[in-house]
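To start, the structure itself, in structure tokens.
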Amino acid sequence: METKLILLDLDETLLHSDKTISDYSAQIFEQCRQRGILVGFCTSRGKPNIIPFEKKINPDICICNGGAVIYRNGNLLHAVSFSIEETRALLKTAGTVCGSDCEITVDTIDKIFWNRHKDKSTDYADNSIYDDFKNFVQPAMKICVQTDDPKKAKEIAQSVPDCDFLPFSDIPWYNFSPASATKESAILILCQNLGISPQEILAFGDDFNDIGMLKLCGKGIAMGNAIPQVKATADDITKTNNEDGAAWYVEKEIFN
């Protein structure tokens, strides 16, 4: 089936390990758009954290926060979040279960908050705003907690109804989000808006939260550096992110 939309995860997929996008990838995806193929990001990053990459690629679609937020041509199309009460319950439980020194980030629809001023364990968000989360009164699109303990993560998730949680493969953190906020659920909403089928989507990913997306789309491609679970469910495997595997695959399979 003809490809009408290409969806790209960002970290360890479109982005090189140094968090840059090559000129080659930018050129390939601009050619896609010139050919009438829509190009979109589908990432766990929040909107403030993808702005530099939007300047390089100029995507038609942005699915952010792991599926909680959808933008089309810069306009908000869909958003789902924890309530303020659920956000506060998750933050309280995370602090109790993981200790007061545990790093936590909260993505709202337009900002990222972090309970660390400096000495952060990861470079997830350079533009984060400090908050100690003792009196946080905003709904969260997602919450990330520094732990690699699945039992602790489950306890945090169970503090509110309908909460999904997944580990990151490259850092000892867990991501907590509303159960309805997945990449695949966002894609189904987007397909209705665009009037296309998931079968007309080519998607690229590397990590746990990409598995559902790669299964849903007409062709799901694992990066050469993807975790084994992603490679096992993908339709094909391309080169690594540092080898511009997504752009290389598109040039090979679509342009030729």
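Values computed for the structure shown
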| read-out | value |
| --- | --- |
| Breaking point among (1) out of contact with any Leu (no Cβ under 9 Å at 6 or more places or on another chain); (2) in contact (Cβ under 8 Å) with a residue 60 or more places away in the chain, for Asp18 | (2) |
| Strands (runs of 3 or more DSSP E) (entirely within region 8-83) containing at least 1 residues that are surrounded by fewer than 18 Cβ atoms within 10 Å (Cβ to Cβ) | 75-79 |
| Within region 23-56, considering residues that are more than 21 Å from Met213 (Cα to Cα) and β-branched (Val, Ile, Thr), the one modelled with the highest pLDDT | Ile28 |
| Enumerated helices (runs of 4 or more DSSP H) restricted to region 192-252, each holding at least 2 residues that are surrounded by fewer than 24 Cβ atoms within 10 Å (Cβ to Cβ) and in contact with a helix residue (DSSP H, G or I) (Cβ under 9 Å, 6 or more places away or on another chain) | 211-216, 228-233 |
| Which numbered condition Thr96 misses (of (1) of a type in the set (Ser, Thr, Tyr); (2) under 30 Å from Lys4 (Cα atoms); (3) over 14 Å from the mean Cα position of the chain (by Cα)) | (2) |
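The values are calculated or read from the model by the stated rules, or taken from the named source; none is laboratory data. The shown structure was predicted, so the numbers you read here are calculated from the model rather than taken from an experiment. Reconstructed Cβ throughout: ideal geometry from the backbone, glycine too, with neighbour counts over all protein chains shown.
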